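The values are calculated or read from the model by the stated rules, or taken from the named source; none is laboratory data. Every value quoted in this text rests on a predicted model; they were computed, and no experiment measured them. With ideal geometry, Cβ positions are generated from the backbone for all residues, glycine too; neighbour counts draw on all protein chains shown. Side chains included, ligands, DNA and RNA excluded: accessible areas come from the protein's heavy atoms. Shrake-Rupley method; radii C 1.70, N 1.55, O 1.52, S 1.80 Å.
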Amino acid sequence: NIIYKNISFTVIILGVFLILSLFFSKKLTTPILKLIDKTREIADGNLEGKIEVSTNDELKILGSSVNIMSDKIKKLLDDKQAMIKELEIANAKLDEYNKNLESIVAERTKELREANNFITAMINSLDQGLFVFDKTKKCLDIFTKACESMFKKIPKGLEVINLLGLGKKESEGFDKWSNVIFSNMMPFEAAKALGPKNVVTSEYGEDDFQYINLDYYPMKNDEDQLENVVVVATDKTTEVEAEERFKEKDAYVSMILNIMKNKKSFYDFLDEMEEMLVNLSDFSRHEDLENLSLIHI
């Protein structure tokens, strides 16, 4: 009977311990299984839902960490999707821009060409010649058509002294002057007055007479240093010829007025001249008629 009681007690004790073991084992393994399932879901891309751990031990801390990790991964994926969408929109716009780029460039080029043609036509319509030279004293490829008719040369690449047809002394003066203005030693407005003021071809009265007036304007860089000089050439031939004709007429009118005021002296002069010519006729073969004429006068 005692043995039977001992065995029964032992069985009861073992049963209690077994039940308790099963209870605590289930309480421990359930959160672990939840953690395993959630990590598998995260690995498969399912970031929805949270792990609920009712314990207050390390398993709850681990569950919270997994939930935080899941939220961060979900946020990163959302940000990535938003960025991908923005890139897709930008890429679509870029494709559209690339398709229209050629037509846009062609249109802008056409507008620029039309503007340049307008400016060129406007400048070439002026009667004034315009060309530009740099510190090498050579003309740039910027000039108006009027320069060709004025100087009978194409300015591009020519030295200024050759374009203007300056003599040796004038060329030396131009070299010194250009060195002064490009050295920026004095204000351009003060220095430009020392440059050639005009170009005169031939003498007044001859067929190829030409009088060209020159003026200068500075082209400076961002540092306010002189880079190029714009030369404006104005043909003053007609004005100069008109002035000379006026002077001739004025001199003629003055002569007539003097004759009218001094008629007797004028007639005496005519008589003397007639007598001189008669006397000189006897020396038609004389080699020094000029001196004889001066002696008679």
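Can you tell me how many residues within the stretch 188-233 are part of a strand (DSSP E or B) and of a type outside the set (F, W, Y)? Residues that pass the stated criteria total 20.
The C-beta contact set for the stretch 212-233 (first residue within 22 Å of G165 (Cα to Cα), second residue of a type in the set (S, T, Y) and open to solvent by 20 Å² or more (accessible area, probe 1.4 Å), distance under 6 angstrom, 6+ apart or interchain) comprises N213/T234; V230/Y217. Within the stretch 183-193, is even one residue without any contact (Cβ under 8 Å) to a residue 12 or more places away in the chain, over 22 Å from K236 (Cβ atoms) and of a type in the set (S, T, Y)? Taking every residue of the stretch 183-193 in turn, at least one turns out to be without any contact (Cβ under 8 Å) to a residue 12 or more places away in the chain, over 22 Å from K236 (Cβ atoms) and of a type in the set (S, T, Y).
Scanning the stretch 197-255 for residues that are charged (D, E, K, R), closer than 20 Å to S149 by Cβ and surrounded by 12 or more Cβ atoms within 10 Å (Cβ to Cβ) yields D215, D235, K236, E239, E241. Regarding I295, is this residue modelled with pLDDT of 80 or more, open to solvent by 60 Å² or more (accessible area, probe 1.4 Å) and assigned to a helix (DSSP H, G or I)? No, not satisfied.
Screening the stretch 133-158 for residues that are within 16 Å of E227 (Cα to Cα) and acidic (D, E) and picking the one that is modelled with the highest pLDDT gives D134.
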